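Undergrad: After the structure tokens below, expect a handful of questions from me.
Quick note: the coordinates plus some simple rules give every number you see, no bench work behind them. Everything quoted here is computed from the prediction, not taken from an experiment. Cβ coordinates were reconstructed from backbone atoms using ideal geometry, including for glycine residues, and neighbour counts include every protein chain displayed.
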């Protein structure tokens, strides 16, 4: 059966959920979910990207400031760039921007090179995050997929830089427990989840 996922701007906003994992045994590296349908990245044979999408989450204006919305949109863009990089071995009808390197790709390359990395989940699916926490928790760390600026300063926005605008806050790596995994928060933006590992320094 052929199962297609249309990654249009609308799909990026509301319809398609995506989960990316690395270093977890027996777990699919990429899984797309649209309604009740799921598609494993291993089953993807051909990718057609008509134009590079600009993901954005709608319906968050009532709970997010403009700076927070900019942060969420930036996280979405970095995540999907990572997903596209992970699909690099597939046949692309029209390849996307080949030179992008993201945290997802860096982790994947390190893992395949034999370096030790912690089990890693990147998702906006609350069910996937809870399942990951049950397997590797109870406590996890959460961190952004990009640089962690909560503001409107993008690395390519020269006008904002010249105007002296800057991030109003930073989103650092944090420790979370099961009680912190809320549907609305997880669904709002992609994030990196890894087991919390205590070390002696």
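Undergrad: Using 0.36 nm per residue of separation minus the Cα-Cα distance, give me the extension gain between residue 184 and residue 67 in nm, one decimal.
TA: Between residue 184 and residue 67, full extension yields an extra 40.3 nm.
Undergrad: Here is a further query. What FRET efficiency comes out for residue 127 versus residue 44 if R0 is 30 angstrom and r is the Cβ-Cβ distance? Round to the nearest 0.05.
TA: 0.90
Undergrad: What's the FRET efficiency of residue 90 with residue 37 using the Cβ-Cβ distance as r and R₀ = 22 Å, to the nearest 0.05?
TA: Computed FRET efficiency for residue 90 and residue 37 comes out at 0.70.
Undergrad: Between residue 143 and residue 170, how many nm apart are label points set 7 Å from Cα along the C-beta direction?
TA: Placing both labels 7 Å beyond Cα along the Cβ direction yields 1.2 nm.
Undergrad: If you don't mind, there's one more thing I want to ask. Can you give me the distance in nm between label points at residue 199 and residue 111, each placed 7 Å from the Cα along the Cα-to-Cβ direction?
TA: Reported label-point gap for residue 199 and residue 111 is 2.0 nm.
Undergrad: Output the peptides 174-186, 115-127, 30-42, 70-82 sorted from most to least packed, where packing is the average of other Cβ atoms within 10 Å over each peptide's residues.
TA: Highest mean packing first, the order is 70-82, 115-127, 30-42, 174-186.
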